[in-house]
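Note sheet for the following structure.
What follows draws every value from the coordinates through simple rules; no lab data is involved. For clarity, every value in this text was computed on a predicted model and none was experimentally measured. No Cβ is skipped: glycine too gets one built from the backbone with ideal geometry, and neighbour counts run over all protein chains shown.
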Ligand SMILES: [Zn+2]
C-alpha cells in the first residue's frame, strides 16, 4: 500500500486547479490526464489533491475535500480502496513499469469504484512504462469507464508513445514565479537561504526543499569542485568520474546542465548575464574563458541527451567518464 503525497495546495497551482474544477462543474472532466512539467514543482502534490477531492463525497465548490467524511479518513490513512498508484517495482530487476502492473487495469472490476464515487489511478512516472505496458494501457484508454480518472505523470511526454499521449488531456503544470517560489520556500527553510536554494534547484521549489533537507547543497559543491578542477586541467577526468559514481544521474545531470547553461550565457559575450548558479559565478567565469563555446553547445546537448535517457539501461560510471573526458577536451585549448 502506498501513502499518497501530501495534498496541501501550492500557490502556483491556482490556475491549473481552477481549470480542473471548472471542467468538473461543467461535467467535462477528462477520463485521462497527462500531467507534465519539470521535476520539483509539485505535480504529485497536485494529482494527490485532485484524487482526494474526487474521492471525498463532500468536497466544496472549490474542490477542497471536507476532511470529515469516511472517504477523507481512508485517504488520510493511505488506505482508500478507489485510489491506485502504479510505478516501477522497487524490488524488480529494472526500473521499468512492467506490463503486469498495467494489465490488472483490464481486469473486469479493476476500474469500478468500491465506494460509489470516483476511481483514481495514477501512473508515475509514466515514461517508465515499457512498450508492452504502454500497449496494455492503450486498451484501457480506448475504452474509458465512466467515473474513472487515469493520471499519467511525466516530465518528458515526448518519451510516451503518441498513441497514449493523444488519448489523454494534457495538463502542463507551471513552475512558480521566482518571488512566489522564494516566498513559499521561506516558510520551510531560513529565509536567507531560500533564494540560493531555489536557484540551485532551477526554480523548482519542492526540489529546492529536498536539496535543503537532504544536505544536497554540500554534495553539489563537491561535484562542482570536481567539474571545475577537470575544466582547469587540474584533475584527471576518470578520477573525478569515480568520485561522482555514488550519485544518481537524475540530479547530477540537472546540475551539470545548469552549469553548462550558465557557461554558455557567460561565453555569449552579453554583459552581465543572469546566472542560475550565481554563487559559483567567479569559477564559472574562469571556466567560460577556457571553453570553446561551439563545443560547449555540443556538450550541453550530450548532457541533455543523457538526461532524457535516464532510467533506461545505462552504465553510470561510463556515462560520467565519457562526459568528463569530453569536458576536459573542450576546456583544454
Ligand atoms: Zn471528505
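Descriptive notes on the structure:
- Centre separation in Å (Cα based) which lies between the range 145-221 and the range 275-333: 23
- One equal scatterer on each Cα of the chain, no solvent, Debye formula: the resulting log10 I(q)/I(0) at q = 0.11, 0.14, 0.15, 0.16 Å⁻¹ is -0.80, -1.15, -1.26, -1.35.
- Relative contact order, percent, the range 128-267 [alpha-carbon distance under 8 Å, six or more residues apart]: 13
- In terms of the mean number of neighbouring beta-carbon atoms within 10 Å, the peptides 270-281, 55-66 order highest first as 55-66, 270-281.
- Förster-model FRET efficiency, 25 Å R0, residue 268 and residue 229, C-beta, rounded to 0.05: 0.55
- Cα point-scatterer Debye curve for the range 62-188, base-10 log of I(q)/I(0) at q = 0.09, 0.11, 0.17, 0.21 Å⁻¹: -0.33, -0.49, -1.02, -1.24
- Nearest 10 degrees, 0 to 90: helix 316-330 Cα axis against the chain principal axis: 40
- Scattering profile of the range 133-248 at q = 0.09, 0.11 Å⁻¹ [log10 I(q)/I(0), Debye over alpha-carbon scatterers]: -0.46, -0.64
- The chain: calculated mean residue ellipticity at 222 nm from DSSP helix runs of at least 4, using -39500 (n - 2.57): -15000 deg cm²/dmol
- Sites residue 27 and residue 60 - FRET efficiency at Förster radius 22 Å, r taken between beta-carbons, to 0.05: 0.80
- Cα-derived Rg to Rh of the range 262-326, Kirkwood definition: 1.03
- Histogrammed with a bin width of 10 Å, the alpha carbon distances of the range 199-333 distribute as 12, 45, 36, 6, 0 percent, first bin at zero.
- The chain: angle of helix 14-25 to the longest principal axis, Cα-based, in degrees nearest 10: 20
- Note: relative contact order over the chain, using C-alpha pairs below 8 Å and six or more positions apart, is 17 percent.
- Helix axis angle, 293-308 relative to the chain longest principal axis, alpha carbon, degrees: 30
- Kirkwood-based Rg to Rh ratio, the range 97-170, C-alpha trace: 0.94
- Whole-angstrom Cα spans of the range 10-101 along principal axes, big to small: 45, 31, 24
- Mean-position separation - Cα centroids, the range 1-78 and the range 116-143, in angstrom: 18
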